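To keep things clear, I will list the structure first and then write my remarks on it.
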Amino acid sequence: MIVILLGPPGAGKGTQAERLAKTFGLVQLSTGDMLREEVRGGTDLGKEAKKIMDAGGLVSDAIIIGMISSRIDSLKGKGIILDGFPRTTAQAEALDKMLDDKGLKLDHVIQLKVDEDALVERLGGRFACAKCGAGYHDTFSPTKQDGVCDRCGSTEFSRRSDDNPQTVRSRLVAYREQTAPILPYYEKKGALKAIDGMGEMDEVFRRIRGIVES
Ligand code: AP5
């Protein structure tokens with residue numbers, strides 16, 4: 001099964017992709033995570049990507065498409081959940097061609113709809129364990145014990161450098177101008193299913209699950 005989760009920054013793509021991956025045995029492919037891995041590794045691509053990510057722009061289609069294509073090849077037909085890709089019309093078209101060439105089929109394109117005020121609130125309170133990467137939110141998903149990671153017990157946490165108010169504004173503009181135009185692309189194909197991404201994480205997951213199991 002191949003599923004795309006679409007939505008603006010903070011819509012809950014990563015949160016829900018992780019749950020889908022666990023529940024349905026899919027592999028989560030997040031282009032944002034792949035780029036952050038390059039940044040941490042100090043590669044040339046990471047250095048270039050960091051400037052763009054910190055400014056709230058989009059990394060070039062050629063880099064992203066190459067990165068995803070080789071990752072899909074390495075999965076040898078396993079089910080995939082795409083989180084943060086595609087993000088431009090060129091990426092959506094390249095994905096169609098890539099899947100055709102590899103003999104794979106896209107099953108669901110799920111759009112998470114979330115009010116802009118809620119997006120800003122979600123991104124402003126997001127943090128993660130610096131050791132295992134478990135994700136949290138100051139208000140909506142805090143650690144059970146203050147300052148201690150539920151998953152690995154670490155007491156070190158980090159916040160994403162692109163979650164500051166100025167960069168968040170630029171990311172929302174990039175979404176509106178470059179990513180939202182791909183919604184009609186999938187609508188025309190009859191593949192797009194929009195769901196309400198507001199409400200409790202469990203409730204949003206039930207809505208997504210309903211589509212994936214249909
Ligand atoms: P990326 O990492 O993909 O960031 P994004 O799309 O901006 O999405 P986020 O990860 O910020 O949000 P999310 O929707 O995953 O929300 P989350 O579940 O974490 O990309 C970063 C950058 O990399 C881009 O800006 C770009 O520069 C570059 N890039 C990446 N892919 C690219 C591509 N394909 N092409 C070009 N450039 C690319 O949730 C957010 C917070 O809200 C969390 O704290 C969570 O706990 C909380 N939350 C989640 N759901 C709920 C809920 N229902 N109620 C309350 N709180 C909730």
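Of everything in segment 143-184 that is more than 14 Å from P9 (Cβ to Cβ) and touching a helix residue (DSSP H, G or I) at 6+ places or on another chain (Cβ under 8 Å), the residue that is surrounded by the fewest Cβ atoms within 10 Å (Cβ to Cβ) is P181. Checking each residue in segment 97-128 for being free of Cβ contacts under 8 Å to residues at least 60 places away in the same chain, part of a loop (DSSP other than H, G, I, E, B) and more than 9 Å from the ligand (Cβ to nearest atom) picks out only G103. Kindly indicate whether T88 is in contact with a helix residue (DSSP H, G or I) (Cβ under 7 Å, 6 or more places away or on another chain) and of a type in the set (V, I, T). Against the criterion (in contact with a helix residue (DSSP H, G or I) (Cβ under 7 Å, 6 or more places away or on another chain) and of a type in the set (V, I, T)), T88 qualifies.
Of all residues in segment 63-85, those that are free of Cβ contacts under 8 Å to residues at least 40 places away in the same chain have Cβ atoms under 7 Å from Cβ atoms of residues that are assigned to a strand (DSSP E or B), 6 or more apart or on another chain, in I68/L29. Listed conditions (1) surrounded by fewer than 16 Cβ atoms within 10 Å (Cβ to Cβ); (2) within 15 Å of the ligand (Cβ to nearest atom); (3) free of Cβ contacts under 8 Å to residues at least 40 places away in the same chain are all met by R207, apart from (1). The requirement of being modelled with pLDDT of 95 or more and touching a Gly at 6+ places or on another chain (Cβ under 7 Å) is satisfied by F24. Here K131 fulfils each of the conditions (1) touching a residue at least 24 places away in the same chain (Cβ under 8 Å); (2) loosely packed, with under 15 Cβ neighbours inside 10 Å; (3) in a loop (DSSP other than H, G, I, E, B) apart from (2). Going by what's in this entry, would G77 be described as more than 22 Å from L172 (Cα to Cα) and either more than 9 Å from the ligand (Cβ to nearest atom) or in contact with a strand residue (DSSP E or B) (Cβ under 9 Å, 6 or more places away or on another chain) (or both)? So G77 fits the description; yes. The conditions of being farther than 18 Å from S158 by Cα and either aromatic (F, W, Y) or touching a Gly at 6+ places or on another chain (Cβ under 6 Å) (or both) are not met by L45. Within segment 74-87, is even one residue part of a helix (DSSP H, G or I) and within 17 Å of the chain's Cα centre (by Cα)? No: zero hits.
Look at segment 10-25: where a residue is more than 13 Å from V204 (Cβ to Cβ) and a partner is among the charged types (D, E, K, R) and more than 7 Å from the ligand (Cβ to nearest atom), sitting 6+ places away or on another chain with Cβ atoms under 8 Å, you get T23/R209. When the test is whether a residue is under 26 Å from L26 (Cα atoms), of a type in the set (A, V, I, L, M, F, W, C), surrounded by 13 or more Cβ atoms within 10 Å (Cβ to Cβ) and within 15 Å of the ligand (Cβ to nearest atom), F140 passes it.
You will find that of Y175, Y186, Y136, the residue that is farther than 20 Å from M53 by Cα, assigned to a helix (DSSP H, G or I) and modelled with pLDDT of 95 or more is Y186 and no other.
The values are calculated or read from the model by the stated rules, or taken from the named source; none is laboratory data. Because the structure is predicted, anything quoted here is derived from the model rather than measured. All Cβ positions, glycine included, derive from the backbone under ideal geometry; neighbour counts span all protein chains shown.
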